[in-house]
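Engineer: Dropping a structure here in structure tokens format, bear with me for questions.
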Amino acid sequence: MKRITLFIGIFLNILLFAQEASTYTSVTNVPDYAVLKTKMKLDDAVTKADVPPEYPGGKEVFKRTFAEKMDVIDVKTNKINTTVYFIVEKTGYVRYVTAISDNKQHAQAAEVAIRRMFIKWKPATINGEPVRYLYSFPLTLKKY
């Protein structure tokens, strides 16, 4: 009976550990995955981590710097939705910048703005180890 109890205890611990590891979702759950896999190397990239990547100075500094680096484009519609994706590598550098939008000009301007922000990020970590992180940055441009 003790052996059965020990076996069940070990088995349940293995199951619990496996569930904990699966909380770091793979990039296949990203809505634009079909397009992204053709434009960037997504091997070992995650979308959640213990500590997400951080731009030096924080998210607000990232947004302000992005706005400064983005070129002004002529908008013919009332609203443009764009999502910019990029990989923050284990080293902290940004690679594979891709923007998906209903407006090609806005997507290109967003990609260029991210590339102009050549600065090393603090990489994402899982269990204290740096990981490749797929960062998504949604943008909405409204005409006033």
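The values are calculated or read from the model by the stated rules, or taken from the named source; none is laboratory data. Values in this document were obtained by computation on a predicted structure and should not be read as measured data. Positions of Cβ are generated from backbone atoms using ideal geometry, with glycine treated the same way; all protein chains shown enter the neighbour counts. Ligands, DNA and RNA are excluded from the accessible area calculation, which covers all protein heavy atoms including side chains. Shrake-Rupley method; radii C 1.70, N 1.55, O 1.52, S 1.80 Å.
Engineer: Tell me which of these residue 62 doesn't satisfy, since it passes every other one: (1) at negative phi; (2) part of a strand (DSSP E or B).
Structural biologist: Condition not satisfied by residue 62: (2).
Engineer: Please enumerate the residues belonging to the stretch 76-86 that are of a type outside the set (D, E, K, R) and open to solvent by 60 Å² or more (accessible area, probe 1.4 Å).
Structural biologist: Answer for the stretch 76-86, where residues must be of a type outside the set (D, E, K, R) and open to solvent by 60 Å² or more (accessible area, probe 1.4 Å): 77, 78, 81.
Condition check ((1) of a type in the set (S, T, N, Q); (2) under 25 Å from residue 84 (Cβ atoms); (3) modelled with pLDDT of 65 or more; (4) open to solvent by less than 70 Å² (accessible area, probe 1.4 Å)) across all residues:
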site	(1), (2), (3), (4)
7	no, no, no, no
11	no, no, no, no
24	no, yes, no, yes
28	yes, yes, yes, no
35	no, yes, yes, yes
48	no, yes, yes, no
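Engineer: Continuing with the same structure: With under 22 Å from residue 41 (Cβ atoms), over 17 Å from the mean Cα position of the chain (by Cα) and touching a residue at least 12 places away in the same chain (Cβ under 8 Å) as the only criterion, which of 97, 88, 131, 112 stands out?
Structural biologist: The conditions single out 112.
Engineer: Determine if the stretch 87-102 includes at least one residue that is of a type outside the set (D, E, K, R), touching a strand residue (DSSP E or B) at 6+ places or on another chain (Cβ under 8 Å) and open to solvent by 90 Å² or more (accessible area, probe 1.4 Å).
Structural biologist: no
Engineer: So, one more: On the given criteria, is residue 82 more than 19 Å from residue 141 (Cα to Cα) and assigned to a strand (DSSP E or B)?
Structural biologist: no
Engineer: In the set 83, 65, which member is modelled with pLDDT of 90 or more and in contact with a Leu (Cβ under 9 Å, 6 or more places away or on another chain)?
Structural biologist: 83
Engineer: Next question, about the same structure. What is the one condition in (1) free of Cβ contacts under 8 Å to residues at least 60 places away in the same chain; (2) under 17 Å from the mean Cα position of the chain (by Cα) that residue 122 does not satisfy?
Structural biologist: Residue 122 satisfies all of (1) free of Cβ contacts under 8 Å to residues at least 60 places away in the same chain; (2) under 17 Å from the mean Cα position of the chain (by Cα) except (1).
Engineer: Taking the stretch 103-136 on its own, how many of its residues are surrounded by fewer than 16 Cβ atoms within 10 Å (Cβ to Cβ) and of a type in the set (Phe, Trp, Tyr)?
Structural biologist: Final tally of qualifying residues: 1.
Engineer: Out of all the residues in the stretch 116-132, is one or more on the phi > 0 side of the Ramachandran plot, in contact with a Pro (Cβ under 6 Å, 6 or more places away or on another chain), not in a strand (DSSP E or B) and not β-branched (Val, Ile, Thr)?
Structural biologist: Taking every residue of the stretch 116-132 in turn, none turns out to be on the phi > 0 side of the Ramachandran plot, in contact with a Pro (Cβ under 6 Å, 6 or more places away or on another chain), not in a strand (DSSP E or B) and not β-branched (Val, Ile, Thr).
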